[in-house]
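**Student:** Sharing a structure, written as structure tokens. Questions coming.
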Amino acid sequence: MTRGTRVIVVAILAAFVPFLDGAVVNVALPAIRDDLGGGLTTQQWVVDGYLLTLGSLILLSGSLADAYGRVRIMRIGLIAFGLASIACAIAPTAGFLIAARLAQGAAGALLVPSALALIVQEFRGVAQSAAIGTWTAWTSGAMIAGPVLGGVLVDLQDWRAVFWINVLPLAVTLWLLRGLGVEERPRAPRLDAAGAALAAVGLGGTVLALIEVPRLGASHPLVIVSAAAGVGCLVAFAWWETRARHPMVPPSLLRIRNVAWGNLATLAIYGALSLGSFALTVFVQETAGYSATQAGLASLPPTLLLLLLAPRVGRLAGRYGPRLFMTVGPLVSAVGYLLLLRATDQAPYWSDLFPGIVTFGLGLALTVSPLTSAILGAVPPEHAGVGSAVNNAVARIAGLVAVAMVGLITTQLDTAGFHAVALACAALFAIGAAVSWVGIRNPGPEAAALEPARAD
């Protein structure tokens, strides 16, 4: 296996498991409740605890990867994620499981920015776009296919199996990491401690408020305090980063056109992706009567299309530029959600759902790798970790905001409610397309012609 191939495999495996864990647990929640008790609150925090620490620490993790080396931070994250997964699998109580999930999220935050930064460090030009396309196909597929795998594992074994399966891919990734850091030359470690604290509290408070507002309501003291602390610290973080001697997120990074506009497009596109996936999964189970495994299988076409097309689309975007793909792709996904307006109470799969799901999946395959390539291709290699972290933080926040918006769109996900959400998703995808067309610029021909190369 060549070094380049090994880098791609490592980057996929290192991010695949955290993305999978964010999705695979949902279908195991009823079994967890039956075994450990705790009711709805326990179920919510098994999911939300992971998202809370993952979202709040991801910017700090990206900065650590740039400062101390992507391979080093990835190795620490892999070990920590493996230990936290074992703790989840053997959890004797609900409280123990929630604490282990918090630790899992913190470890996952160390993995995702380092994985993408490793690709940016290793490749250039068309080769970088193709590698990112392969990475996005597998990692996005993990989020979509997670419910299928979770349903099968719970049905064949028990809920603890969804955590035990992490151990093998993590061990393989650690083995493949051997020697990859030899040529890595991180910059001198200068951690922006104040910026790191403000970012962690700002993102953590904001995420906590978004997680809890559907359950507690906007007027609950926890929601108000969390939101105020989160927004206040994010404002303070933006102010501090313009004055810090060694800022965690260099302001110059956000002045790069494709980085700024690409993250705005991410906000709309990933908001639509999270909102639509959540609504479809709930609708087909609670209204149409699908089982958990059937609901997971319904989402397989986008996963297959991503695996088949995203690497090719990434290569084409590297050659011709990402702008057209980032415009056409979200519009195709919007059409997919408009086709889902045909869904009835029974929602027969092949007539009501399949055409829309396939169309949405095709649009997604045209979008995700050019989007990631547009942003990270514009980021200087020495800031690849924090550039990836910013984009991932935007995507996670977009998902949380979108799911929190469900209550504003509809009171229940019956047929009429699902139609309202589908229209909202189509609108968000259309906004993402418009932002991409207006803001994204294709790199010059000299950048597109570059051969694969290492950053060092």
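The values are calculated or read from the model by the stated rules, or taken from the named source; none is laboratory data. This is a predicted model, so every value here is computed, not measured. Ideal geometry is used to build each Cβ from the backbone, glycine not excepted, and the neighbour counts take in all protein chains shown. When the accessible area is computed, the model is the full protein with side chains, heavy atoms only, and any ligands, DNA or RNA have been set aside. Shrake-Rupley method; radii C 1.70, N 1.55, O 1.52, S 1.80 Å.
**Student:** In sequence order, what are the phi-derived ³J(HN,Hα) couplings for segment 171-176 according to the Karplus relation 6.51 cos²θ - 1.76 cosθ + 1.60 with θ = phi - 60°, rounded to whole Hz, with x for glycine and proline?
**Tutor:** Whole-Hz 3J(HN,Hα) from phi for segment 171-176: 5, 4, 5, 4, 5, 5.
**Student:** Which of the three applies to segment 108-256, rounded, prolate or oblate, going by the alpha-carbon gyration tensor with a ≥ b ≥ c and a/c under 1.5 meaning rounded?
**Tutor:** Because a/c hits 1.5 or more and a/b fails to exceed b/c, segment 108-256 counts as oblate.
**Student:** Continuing with this model, one more query. Run the Debye formula on the Cα coordinates of the chain, all scatterers equal and no solvent, and tell me log10 I(q)/I(0) at q = 0.11 1/Å.
**Tutor:** With one equal scatterer per Cα and no solvent, log10 I(q)/I(0) is -0.83.
**Student:** Moving on to the next point. Let me have the 222 nm mean residue ellipticity of the chain computed from DSSP H runs of 4+ only, each contributing -39500 (n - 2.57), with the sum over all residues rounded to the nearest 500.
**Tutor:** Working: 20 runs with 356 residues, N = 456.
Helices in the chain give a 222 nm mean residue ellipticity of -26500 deg cm²/dmol.
**Student:** Just subtract the alpha-carbon distance of S219 and S351 from 0.36 nm times their residue separation and send over the number in nm, one decimal.
**Tutor:** Length gained between S219 and S351: 43.2 nm.
**Student:** When the dipole is taken about the Cα centre of segment 51-167, and only Lys, Arg (+1) and Asp, Glu (-1) are charged at their Cβ, what size is it in debye, to the nearest 20?
**Tutor:** 240 debye
**Student:** On the accessible surface of the chain, probed at 1.4 Å, how many percent belong to carbon and sulfur atoms?
**Tutor:** 69 percent
**Student:** Same structure, new question: Based on the mean of other Cβ atoms within 10 Å per residue, sort peptides 211-224, 52-65, 156-169, 350-363 so the most packed one is first.
**Tutor:** Taking the mean over residues of other Cβ atoms within 10 Å, the ranking is 52-65, 350-363, 156-169, 211-224.
**Student:** So, for the chain, what is the accessible surface per residue at a probe of 1.4 Å, expressed in square angstrom?
**Tutor:** For the chain, the per-residue accessible area is 39 Å².
**Student:** Oh, and also: For the chain, calculate the relative contact order in percent as a whole number, restricting contacts to Cα pairs under 8 Å that are 6 or more residues apart.
**Tutor:** Contact order relative to length: 25 percent.
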